[in-house]
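The values are calculated or read from the model by the stated rules, or taken from the named source; none is laboratory data. Since this is a predicted model, take the numbers as computed values, not measurements. Virtual Cβ from ideal backbone geometry, glycine too; neighbours counted across all protein chains shown.
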Amino acid sequence: MPVMEFQIPSSIIYGDDTISRLPEIATPNGEKVVLVAEKKASELGITNKVKRTIEGYAYGVILYEVPSRANTKDLFEGVNIAKNSRADVVIGVGGENVLAVAKAIAQFSTQELVQEEFKSHKRFGVKKVRYIEVPYLQTVSWGMMPVTYIIDETDNIKKPYIDKDSRAQAIIIDPGITEEVPTDEVIFAAMEGLAYAFDGYISKKATPLSDAFSLKAIEFLSINLKRLALEPANIKIKGNLSMGTLLASLSIYTSSLGTTSACAMGLDAIGNFSQPIGATLILPHVMEFNLTAAANKFIQIGLALGEKVADITVIEAAIKSIESIRRMMIDLKIPSRLSEHGINPGILDQVSKVAA
């Protein structure tokens, strides 16, 4: 697929080897860089690849590695590093938790500057730290959103940080990076995108534009997930899933998140359970819950999933859509019960309270 570039207001750059464009975007004038990287990305060799790409162009590169479940403690340590080094750019490399922290580091590292004026009068201004997002595992592109969810170290719950002016300057999605990522992680990331596309489609904030993104995301992700179940070693399919999750991100951007994401965040907080896995497992149940409330929309969902819904009732079409998701999970060898993932049913009351 050729390189695709557009702006919404973040610049989205998608395509093979787009990582090579990082110097012209992040360090055109030899800026100081703080590279916030997930430790897992470093283990896969992705961080080193990004660092090598910009080292010859940046004034200096400070590497700040954080765990996959990066939280507010990592955020404030990162802010200190960015402020003390007087960084111009923060580059985030990792999954959704790490990218959320990297984005907030840039947001909170705005520095006050003093400019001398005529007759010793001083004028104060601010230096905004730019943020560039490089997902090593393409899930929802939080960099384009005005809201960021970060794990609070005090209670392990994701809290929203909202700033309409705090978005990534650019999001670089290079499908080639996913070649290094284990297939099961790619599957759960894609299923999370599919789940959130469903959220965006049935949301009260849905618009004709978000509907188009949602349905195309569901179609693109389901087709390629079904292919991946048959060809798990096919690297090209992994890249296709990156496009599907980008479409899901645009769906959320033009609509909103919903019950699936809320429940997934609840499982993440109480069960210490990966949000992509939580979204995957809860999706069929949320679809069942909304079966009668949004039955008409399930016809289009069924079509996007490749189901034949022409000569059946609306409710039957909705049921077929849910069954299609369950079959796909079986084909992908994803256990459908929470207990099969080590989750105690006794925590579900706490999960629902957090989700609410």
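Restricting attention to segment 24-48, the residues that are in contact (Cβ under 8 Å) with a residue 40 or more places away in the chain, of a type in the set (D, E, K, R) and more than 27 Å from Asp152 (Cα to Cα) add up to 2.
Against the conditions (1) surrounded by fewer than 21 Cβ atoms within 10 Å (Cβ to Cβ); (2) in contact with a strand residue (DSSP E or B) (Cβ under 8 Å, 6 or more places away or on another chain); (3) modelled with pLDDT of 95 or more; (4) more than 25 Å from Leu247 (Cβ to Cβ), Thr53 satisfies every one except (2). Looking across segment 64-81, just one residue is surrounded by fewer than 16 Cβ atoms within 10 Å (Cβ to Cβ) and of a type in the set (Ser, Thr, Tyr), and that is Ser68. Residues in segment 159-187 that are within 19 Å of Leu281 (Cα to Cα) and surrounded by 21 or more Cβ atoms within 10 Å (Cβ to Cβ): 2 in all. With the requirement that a residue be closer than 19 Å to Glu192 by Cα and of a type in the set (S, T, N, Q), what does segment 320-351 give you? If the condition is that a residue be closer than 19 Å to Glu192 by Cα and of a type in the set (S, T, N, Q), then Ser321, Ser324, Ser336 are the ones that fit. Taking segment 309-347 as the range and being at pLDDT 90 or above and part of a loop (DSSP other than H, G, I, E, B) as the test, the residues that pass are Leu332, Lys333, Ile334. Hydrophobic (A, V, I, L, M, F, W, C), at pLDDT below 95 and assigned to a helix (DSSP H, G or I): does that describe Ala229? Judged against the criteria, Ala229 is a match. In the list Ala279, Ala262, Ala217, which residue meets the criterion of being small (Gly, Ala, Ser), within 18 Å of the chain's Cα centre (by Cα), surrounded by fewer than 22 Cβ atoms within 10 Å (Cβ to Cβ) and within 23 Å of Glu185 (Cβ to Cβ)? Testing whether each residue is small (Gly, Ala, Ser), within 18 Å of the chain's Cα centre (by Cα), surrounded by fewer than 22 Cβ atoms within 10 Å (Cβ to Cβ) and within 23 Å of Glu185 (Cβ to Cβ) leaves just Ala262. If we keep just the residues of segment 142-158 that are among the hydrophobic types (A, V, I, L, M, F, W, C) and not in a strand (DSSP E or B), which is surrounded by the fewest Cβ atoms within 10 Å (Cβ to Cβ)? Looking at residues that are among the hydrophobic types (A, V, I, L, M, F, W, C) and not in a strand (DSSP E or B), I get Ile157. Of the strands (runs of 3 or more DSSP E) entirely within segment 1-63, none holds at least 3 residues that are of a type outside the set (A, V, I, L, M, F, W, C). Looking at segment 277-308 only, could you name the residues that are closer than 16 Å to Met328 by Cβ, small (Gly, Ala, Ser) and in a helix (DSSP H, G or I)? Once the filter is applied, which keeps residues that are closer than 16 Å to Met328 by Cβ, small (Gly, Ala, Ser) and in a helix (DSSP H, G or I), segment 277-308 yields Ala279, Gly302, Ala304. Kindly provide the set of residues from segment 141-168 that are of a type in the set (Val, Ile, Thr) and within 13 Å of the chain's Cα centre (by Cα), ordered by number. If the condition is that a residue be of a type in the set (Val, Ile, Thr) and within 13 Å of the chain's Cα centre (by Cα), then Val147, Thr148, Ile150 are the ones that fit.
Taken residue by residue, segment 9-17 has no member that is free of Cβ contacts under 8 Å to residues at least 40 places away in the same chain and over 19 Å from Arg130 (Cα atoms).
Checking every residue in segment 60-67 against the condition of being in contact (Cβ under 8 Å) with a residue 24 or more places away in the chain, within 26 Å of Met243 (Cβ to Cβ), of a type outside the set (D, E, K, R) and touching a Leu at 6+ places or on another chain (Cβ under 6 Å) gives zero matches.
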